[in-house]
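The values are calculated or read from the model by the stated rules, or taken from the named source; none is laboratory data. None of the values given here were measured: they were computed from a predicted structure. Heads up, the Cβs are rebuilt from the backbone with ideal geometry, glycines too, and the neighbour counts pull from every protein chain shown.
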Amino acid sequence: MNYPTREQALEILHEFTKTDSLRKHALAVEAVMKAFAEKHNDDPHKFALVGLLHDFDYEIHPNAPDHPLKGSEILRERQMPEDIVYAIQCHADYLGLERKTLMDRAIFALDELTGFIVACTLVKPDKSLSQIESKSVRKKLKDKAFARTVNREEVYKAAEQLGVPLDDLIPFIATALKPVASQIGLNE
């Protein structure tokens with residue numbers, strides 16, 4: 001199958017996503033998805049594309065189910081392979097789609113938790129990913145006032161569907177973010 005290059009995907013992201021924070025989120029989820037694919041001997045490029053593009057349409061379609069359904073239409077018009085489009089749809093639990101592949105389950109599990117771990121890191125004095133520990137992230141998950149837009153139920157459900165304990169996912173994500181730390185406003 002013919003997949004777009006990272007540069008082509010970045011062009012799509014930048015065309016539709018103007019805010020720095022959402023672009024940083026895309027880069028963060030891209031890095032984590034790529035690392036997850038590598039760990040599981042899957043295709044890192046495909047996984048990275050899903051991570052990079054999963055929220056590309058959020059600024060123009062912020063409401064469910066327009067996001068990601070209308071974004072999916074844009075991707076199809078641009079000949080994006082259907083497995084990428086489907087996986088992107090799978091990150092939206094409200095669509096009720098069956099997560100058939102590891103890639104489908106990974107974007108659902110890694111999207112919200114990556115955003116939450118970034119938020120946890122940003123409140124650290126030195127903004128260092130090396131200081132992220134499962135215990136402190138779990139404690140912050142219980143604090144509903146912290147990063148209140150993160151859906152806690154989805155975080156737990158997604159980890160369960162992925163079959164990876166949160167205590168394993170949290171340090172994995174923190175480590176996977178280190179190569180892009182400076183690009184997303186963090187320190188290693």
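Odds and ends about this structure:
- So A145, is it within 16 Å of the chain's Cα centre (by Cα) and either aliphatic (A, V, I, L, M) or surrounded by 15 or more Cβ atoms within 10 Å (Cβ to Cβ) (or both): no
- Per-region count, the stretch 129-188, residues aromatic (F, W, Y) and in a loop (DSSP other than H, G, I, E, B): 1
- Any hit, the stretch 111-128, residues being touching a Phe, Trp or Tyr at 6+ places or on another chain (Cβ under 6 Å) and either charged (D, E, K, R) or farther than 22 Å from E7 by Cα (or both): no
Every residue, every condition in (1) on the phi > 0 side of the Ramachandran plot; (2) not in a loop (DSSP other than H, G, I, E, B), yes or no:
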position: Y3; (1), (2): no, no
position: E7; (1), (2): no, yes
position: I12; (1), (2): no, yes
position: V32; (1), (2): no, yes
position: E38; (1), (2): no, yes
position: N41; (1), (2): yes, no
position: F47; (1), (2): no, yes
position: Y58; (1), (2): no, no
position: H61; (1), (2): no, no
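- Of all residues in the stretch 106-115, none are β-branched (V, I, T) and surrounded by fewer than 22 Cβ atoms within 10 Å (Cβ to Cβ).
- Within this structure, K24 fails the test of being of a type in the set (K, R) and part of a loop (DSSP other than H, G, I, E, B).
- Flag if K140 is at pLDDT 95 or above, closer than 20 Å to V164 by Cβ and exposed (fewer than 14 other Cβ atoms within 10 Å of the Cβ): no
- Residues within the stretch 17-60 that are within 10 Å of the chain's Cα centre (by Cα) and more than 13 Å from D104 (Cα to Cα), tallied: 11
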